[in-house]
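Participant: Supplied in structure tokens, the structure appears directly below.
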Amino acid sequence: MRAGDSTFAYVPDALDANDEAILELAADADVLIRGAPFVLDESERAAAFGHGTAEVAAAIAKRARVRRLVLTHHAPARSNAAVYDIAKRVGATAATEGMMLVL
């Protein structure tokens, strides 16, 4: 989505293996919102549910030259503190309820 000079990309559910399609969609985006409820150690479980991992989402965002990555669709069993830690570790922002983004 484009608004003036700003670009926003949204990928709610995608396997890590879909990186080429995500790269094309998110190329040079100001913000990429990516559903990534799992971490790399959980990649088999992520694939079984049709989801991606935070680490691969961050790597794709870097390759696509995304300026800000926001991770959403957090695993319900994971605490908020764990979600924030994961996002920080991969250089992303954890989405929160009511969060507003200014492009």
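The values are calculated or read from the model by the stated rules, or taken from the named source; none is laboratory data. Fair warning: this is a prediction, and the values are worked out from it, not measured in the lab. Every residue, glycine among them, receives a Cβ derived from its backbone with ideal geometry; neighbour counts consider all protein chains shown.
Participant: When only residues in the stretch 84-103 that are in contact with a helix residue (DSSP H, G or I) (Cβ under 9 Å, 6 or more places away or on another chain) and part of a helix (DSSP H, G or I) count, which is nearest to Met1 (Cα to Cα)?
Facilitator: Here the answer is Ala87.
Participant: If Gly4 satisfies every condition in (1) modelled with pLDDT of 95 or more; (2) under 23 Å from Leu103 (Cβ atoms) but one, which is the exception?
Facilitator: The one condition Gly4 does not meet is (1).
Participant: Here's something else I'd like to know. Looking at (1) touching a Leu at 6+ places or on another chain (Cβ under 6 Å); (2) surrounded by fewer than 18 Cβ atoms within 10 Å (Cβ to Cβ), can you tell me which one Ala87 breaks?
Facilitator: Looking at each condition in turn, Ala87 falls short on (2).
Participant: Out of everything in the stretch 90-103 that is surrounded by fewer than 15 Cβ atoms within 10 Å (Cβ to Cβ) and more than 16 Å from Asp30 (Cβ to Cβ), what residue ends up being nearest to the chain's Cα centre (by Cα)?
Facilitator: Step by step, filter the stretch 90-103, then rank; the result is Thr96.
Participant: Hey, among the residues in the stretch 20-72 that are under 13 Å from Ile86 (Cβ atoms) and part of a loop (DSSP other than H, G, I, E, B), which one's farthest from the chain's Cα centre (by Cα)?
Facilitator: Val39
Participant: Next question, about the same structure. Residue check: is Thr7 surrounded by 17 or more Cβ atoms within 10 Å (Cβ to Cβ), of a type outside the set (Gly, Ala, Ser) and not in a helix (DSSP H, G or I)?
Facilitator: Details: surrounded by 17 or more Cβ atoms within 10 Å (Cβ to Cβ): yes; of a type outside the set (Gly, Ala, Ser): yes; not in a helix (DSSP H, G or I): yes.
When the stated conditions are applied, Thr7 passes them.
Participant: While we're here: Of the conditions (1) modelled with pLDDT of 95 or more; (2) farther than 17 Å from Ala9 by Cβ; (3) touching a strand residue (DSSP E or B) at 6+ places or on another chain (Cβ under 9 Å), Asp30 satisfies every one except a single condition; which number is it?
Facilitator: (2)
Participant: Looking at Ala59, Ala36, Ala14 in this structure, which one is modelled with pLDDT of 95 or more, within 25 Å of Leu103 (Cα to Cα) and small (Gly, Ala, Ser)?
Facilitator: Ala59
Participant: I would also like to ask the following. Restricting the first residue to the stretch 1-28 and requiring it to be of a type in the set (A, V, I, L, M, F, W, C), which pairs with a second residue that is assigned to a strand (DSSP E or B) meet a Cβ separation below 6 Å and a spacing of at least six or different chains?
Facilitator: Hits for this filter: Met1/Phe8; Phe8/Val31; Ala9/Leu32; Val11/Arg34; Ile22/Val11; Leu25/Ala9; Ala26/Ala9; Ala26/Leu32.
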